[in-house]
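As structure tokens, the structure follows; a few thoughts come after it.
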Amino acid sequence: MKFRPLIGNAHQVAMNMLRPISRKYDEQEHAYPKELDMLAAMIDGLNESGQSQGAGASGVRATKEESSGTGGTRNGTNLASVLSIMEMCWGDVGLLLSMPRQGLGNSAIASVANDEQAERFKGVWAGMAITEPEVGSDSASIRTTAVKDGDEYVINGEKIYVTAGDRCDAVVVWATLDRSLGRAAIKSFVVPKDTPGLTVERLEHKLGIRSSDTAAIRFEDCRVPAENLLGSPDVDTAPGSGQGFAGAMATFDNTRPLVAAMAVGCARASLDLTRELLGQAGVEIDYDAPTYTQGAAAARFLQLESDWEGAYLLTLESAWMADNREPNSTQASMAKAKAGRVGSDVTLGCVELCGSVGYSEHDLLEKWARDSKILDIFEGTQQIQQLIIARRILGLSSTELK
Ligand SMILES: Cc1cc2nc3c(=O)[nH]c(=O)nc-3n(C[C@H](O)[C@H](O)[C@H](O)COP(=O)(O)OP(=O)(O)OC[C@H]3O[C@@H](n4cnc5c(N)ncnc54)[C@H](O)[C@@H]3O)c2cc1C
């Protein structure tokens, strides 16, 4: 109930500001959507005044009340974030990912930065750089190095597929302090884009989310202050500890529900337009009658919509658990796995149901089918989410179940 105004406002923005420029920036890949500057300034204003309730994708910093667990059961900023992201992605996923100061790196900063870092990186637009030419799903194998030199770290390596990597002000880079020490030595560093030695090498051409820039970035003797390391600098190699890496992985508990919310929003857009188009074609959808009493198109639509609802509810649950300081790793992965798969199934299912209208560039159905695929890939693929869920349910470690 208390989030109705937030949902309503985000929906208005999606309908009146994102939808009208959605096709334009899909066609003009790599052109900067300058219309977003005004929108981002509005979100900044809401954040400054404390009225945002978590609007935008910049992630959530636990309040003192939330951290201490004294807030009781509450619907907080995590839930607000996923609800507003769903609405914004009903407008356009690529544009949401291009929103200044709302990068996935911002979520990492929000979830692990100390108070000093949170203050210093306030207002910075941060991308997230984990993936490397030789390393994707197996993020524990990264090769980018960070070597301590006095009160600085020197970073060397190559990162690829960095969302907003060209437009952002800084990147949160995963690097190893010592490859021989394994996962425990992996740390994340905030690297400002103007750091000497940082080069944006190229931008990718993509299937979907074409309004969002995706960059390859090289780091050659990039020096950052030691205070730019997020979390603890200690390398704890005690058997079974894996604390450093576990800390870095924990940021995913916050970001996976956000990506799930993107898939839910995009799929909702497809369902809404499909219902409208089916209605125009004379197909009646009766929510009170069993599907076997309805036509094939109506029955298929209801099947897609019920699958969507499962993804929606799992996404809300994982965010609600974070608001209430309940461990949500399993649910965050469940939400991401379900929503990622449902996003693709629903958007392609809607293209199928609407036939040539769905496939044509006249409407946005074909675009949403392209945009949704990435949401089942980044922040951990479908297969990786299923692996994580299986490990947790069976109580097996990453070496026991690969
Ligand atoms: C548009 C776009 C934006 C991106 N943005 C970012 C970003 O901002 N930051 C960032 O760091 N990265 C980003 N990525 C990279 C993304 O996170 C990786 O593509 C993803 O982690 C998968 O890695 P990979 O592509 O190397 O595939 P691989 O890891 O090589 O996997 C290939 C296939 O094998 C499957 N697979 C792998 N291991 C297993 C296993 N153990 N069991 C079963 N199946 C397995 C995978 O699920 C996948 O289907 C982006 C990618 C794209 C396309």
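The stretch between Ala289 and Met1, if pulled fully straight at 0.36 nm per residue, gains 100.8 nm over its current Cα-Cα span. Within the stretch 281-402, the ratio Rg/Rh, alpha carbon atoms throughout and Rh by Kirkwood, equals 1.07. With q set to 0.16 Å⁻¹, the log10 of I(q)/I(0) for the stretch 69-137, from the Debye formula over equal scatterers at the Cα positions, is -0.77.
As I understand it, the value is the acute angle between the Cα axis of helix 4-13 and the longest principal axis of the Cα atoms of the chain; what does it come to in degrees, rounded to 10? Between helix and principal axis, roughly 90 degrees. In the stretch 369-395, which residues have a backbone nitrogen under 14 Å from the label point lying 7 Å from Leu401's Cα in the Cα-to-Cβ direction? Taking a point 7 Å out along Cα→Cβ of Leu401, the residues of the stretch 369-395 whose backbone N falls under 14 Å are 383-395. The Cα center of the stretch 165-232 and the Cα center of the stretch 279-339 differ in position by 36 Å. Extent of the stretch 82-203 along its three principal axes (Cα atoms, max minus min coordinate, largest first): 45, 33, 27 Å. Taking a straight line from the alpha carbon of Lys338, these lysines sit under 16 Å away, with near neighbours fewer than eight places off in the same chain left out: Lys373. Rounded, prolate or oblate: which fits the stretch 5-49 when a ≥ b ≥ c are the square roots of the eigenvalues of the alpha-carbon gyration tensor, with rounded for a/c under 1.5 and prolate only if a/b beats b/c? Cα axes put the stretch 5-49 in the oblate bin. Normalising the Debye intensity of the stretch 148-251 to I(0), with uniform scatterers on Cα atoms only, and taking log10 at q = 0.13, 0.16, 0.17, 0.23 Å⁻¹ returns -0.51, -0.74, -0.81, -1.20. Label separation (Ser306 vs Ala41): 4.9 nm, computed from points 7 Å beyond Cα along the C-beta direction. Look at the Cα gyration tensor of the stretch 113-153: its axes a ≥ b ≥ c give a/c of at least 1.5 with a/b at or below b/c, and that counts as oblate. Evaluate the relative contact order of the chain (contact order divided by residue number), counting alpha-carbon pairs under 8 angstrom at least 6 apart; express in whole percent. With pairs under 8 Å counted, the relative contact order is 16 percent. Only alpha carbons enter this Debye calculation for the chain, each as an equal point scatterer, and the log10 of I(q)/I(0) it gives at q = 0.07, 0.10 Å⁻¹ is -0.32, -0.65.
Would you mind classifying the stretch 186-322 by shape? Square roots of the alpha carbon gyration tensor eigenvalues, ordered a ≥ b ≥ c; an a/c under 1.5 is rounded, otherwise it is prolate if a/b is larger than b/c and oblate if not.
Verdict is oblate for the stretch 186-322.
With the simple model of a label 7 Å out from the Cα in the direction of the Cβ, Asn9 to Leu207 spans 3.6 nm. Note on Ala250 and Glu361: the model spin-label points, each 7 Å out from Cα along the C-beta direction, lie 4.7 nm apart. Straight-line reach from Lys122: taking Cα to Cα under 19 Å and skipping same-chain neighbours fewer than 8 places apart, the lysines in range are Lys64, Lys193. Comparing Gly91, Gly105, Gly231 in a Gaussian network model of the chain where C-alpha atoms under 10 Å apart are linked, the largest mean-square fluctuation is found at Gly231.
Each Lys or Arg adds one and each Asp or Glu takes one away; over the other residues whose Cβ falls under 15 Å from the Cβ of Ile160, this sums to -3. For the peptides 2-11, 249-258, the ranking by packing is 249-258, 2-11, with the highest mean count of neighbouring Cβ atoms within 10 Å listed first.
With both residues required to sit in the chain, DSSP beta bridges show an antiparallel share near 85%. Considering all different alpha carbon pairs of the stretch 303-367, the Kirkwood hydrodynamic radius works out to 13.0 Å.
Projecting the Cα positions of Thr315, Gly355, Val190 onto the charge dipole of the chain (unit charges on Cβ atoms of Lys, Arg, Asp and Glu, taken about the Cα centre) puts Thr315 furthest along the positive direction.
Laboratory data are not the source of any read-out in this text; all were calculated from the coordinates shown. The shown structure was predicted, so the numbers you read here are calculated from the model rather than taken from an experiment. Using ideal geometry, Cβ is built from the backbone for each residue, glycine included, and neighbour counts are taken over all protein chains shown.
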